[in-house]
1. Determine the gain in length on full extension of the stretch ILE425-PHE198; use 0.36 nm per residue of separation and subtract their C-alpha separation, reporting nm with one decimal.
2. So what's the stretch 452-521 giving for Rg/Rh, alpha carbon basis, Kirkwood Rh from the mean inverse pair distance?
3. Taking the solvent-accessible surface of protein heavy atoms with a 1.4 Å probe, what is the per residue accessible area of the stretch 90-208 in Å²?
4. Would you mind checking LYS345/LYS397; LYS100/LYS397; LYS302/LYS397; LYS306/LYS345; LYS219/LYS345; LYS302/LYS345 for any pair whose Cα atoms are more than 28 angstrom apart?
5. Using the charge dipole of the stretch 312-429 (Lys, Arg: +1 at Cβ; Asp, Glu: -1 at Cβ; taken about the Cα centre), state which of LEU375, LEU407, ALA389 has its Cα farthest towards the positive end.
6. Excluding MET408 itself, calculate the net charge of residues whose Cβ lies under 12 Å from the Cβ of MET408, where each Lys or Arg counts +1 and each Asp or Glu counts -1.
7. What net charge is computed for the residues neighbouring LEU307, neighbours being all others with C-beta under 14 Å from the C-beta of LEU307, Lys and Arg scored +1, Asp and Glu -1?
8. Calculate what fraction, in whole %, of the accessible area of the stretch 396-545 sits on carbon and sulfur atoms when a 1.4 Å probe is rolled over the protein chains.
Amino acid sequence: MLKCTNGGKLVSQGSLRPTEYRRSVVRCSYLGRTERESSKKLDGQKRTGVLPPARLSVRDLGFESRQNPALLQNLQSWWQEISESCEQRVRSLLTSKYDKQIIGLAGPALLTLAADPLLSIVDTAFVGRLGSNELAALGVNTAIYSLAFVLFNFLATTTTPLIASALSNGDKDKTSQLTFQAFLLSGVLGLSLMGGLFAFSDSTLSIMGAEGEVAVLGKQYLLARAVAAPAAVWCLAGQGVFRGVQDMRTPLMVTLAANGMNLILDPILIYGFHFGVQGAALSTSFAEISSAVAYTVILWSKHREKLGLNCSIQTVVRHAQSDYLPFLSAGGTVLLRTSLLLGTKTLASSVATHLGPISISAHQLVAQLWLLFSLVMDSLAVSGQSLIAVSLGRGDKVSAREMSNRLMELGLSLGLILAMVFTAISPAFPHLFTEDPNIIAQAYAILPMAIFILPINSLAYVLDGIMIGAEDFSFLALSMASTAVVVSSCLLMVEPLGGGLEGVWACQSLLMVMRVGTLAARYNSGEGPIPPLIEGAKAESANAK
């Protein structure tokens, strides 16, 4: 209640006549508020005579400080704690002590991942001038080799955390053993791939739908590039070892050099020597062989001591042959998980193909941009594989959990940024590749779904990298198997139920949502490799001290 004194006399709000002009010193007290002097001019035509309430402060929430100083002190302390907590939270979102390590590995990894597809892009640019049959033959072979190298990428994925963990423990015998095992397995798989491509070249091209002149040109490219298949698989093992020692710069430099070499040799072999599409294959093969040699030489000269590779040939063979089961087991589960993921995405493309040429064209158009953005997201996963493995190898689960949380914060932020970029370019994006109004309309129909799921995609990649770094390979395979069964069943129902291309992308979105759901459940489970209870261990340890 507002009380006023006018000249020392107690008056109420309504006792002041609204038509009277006066300047009086009014002393007010509102809910125990400290009295203050104010000069008021009451205008009878514009004012009602009711004095406006004073502005509230922290004091207004309690009693006069003279009456209850303890309550006021508690309120001020409470307000200060809230302010400091909010400020600390905002600061932690903007920066972290782990950012330098994460970005230091993710930056070069991103450039390396983005540079790899340039080999095919450069070939496409030069071969496209030869004619439609040559370009079609190149397209078929690009699909074949992309599938093969995605499957064999488990070499890099498996090697990275195993090497990083062994190094953090200072176990040089283990690191040398793992290094030799990775390269020995890559050699066996590479030679097997080369033999299979030579033996089944015709049937492989037939399965891919190549016929007539396209099949003839395709075989020329397939056989010329198959020569370098062992070298290409060898490079995957090399990338895994270098990532394990947290040397991301060397793979980047080797990849950039290989792309530069391919760029120089392509016009010389394709046009200068008139090798045509076969010249493009020879150029790529030479670049891949050179990369394999570079990885081997640099690894031996730069990291030989660190990896414990100063040993005789007999020791090399003994290390490579001994206790191979853990490496094969880890590699096998990663291969299974990759095959299931790739198979589900291939089924999605197959369903889109059955919907008609317009649908598959729009599907491929949006999927390519999705694939490009996935390379950006995967760079965080690559850094997570190495960093988490190092922390867990040292037995520091607190740092591993904190770093994992930071990786997810960065992943979600990156996904949101990419979604905004995708949204900004989406009106013009389809027009960059086609002017067919039907394809453009189909692309616009699925773009909102593709954009919306990008932050979830980013979390899926980051969580995947965290679990690989924690060497939780078996769970990754089992969770991917259950997810693949559900999503594949949904994909098979799209065409009978008339779901159209929107149904295909709804299933792809379900794939990513289920991946995040299963991985997040594992991450927050007490049975996971980095249980959430560990987060409180650091604070408890500090309090104990």
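The values are calculated or read from the model by the stated rules, or taken from the named source; none is laboratory data. Predicted model only: the values in this text are computed from it and were never measured. Reconstructed Cβ throughout: ideal geometry from the backbone, glycine too, with neighbour counts over all protein chains shown. Accessible surface is based on the protein model in full, side chains and every heavy atom, while ligands, DNA and RNA are left aside. Shrake-Rupley method; radii C 1.70, N 1.55, O 1.52, S 1.80 Å.
1. Values: separation 227, 0.36 × 227 = 81.72 nm, distance 4.34 nm.
Going from the current span to full extension adds 77.4 nm.
2. Looking at the stretch 452-521, the ratio lands at 1.04.
3. Details: 5360 Å² over 119 residues.
Value returned for the stretch 90-208: 45 Å² of accessible area per residue.
4. LYS345/LYS397; LYS302/LYS397; LYS306/LYS345; LYS302/LYS345
5. ALA389
6. Working: positive: ARG401, ARG406; negative: GLU402, GLU409, ASP464.
Summing Lys/Arg as +1 and Asp/Glu as -1 gives -1.
7. +2
8. 67 percent
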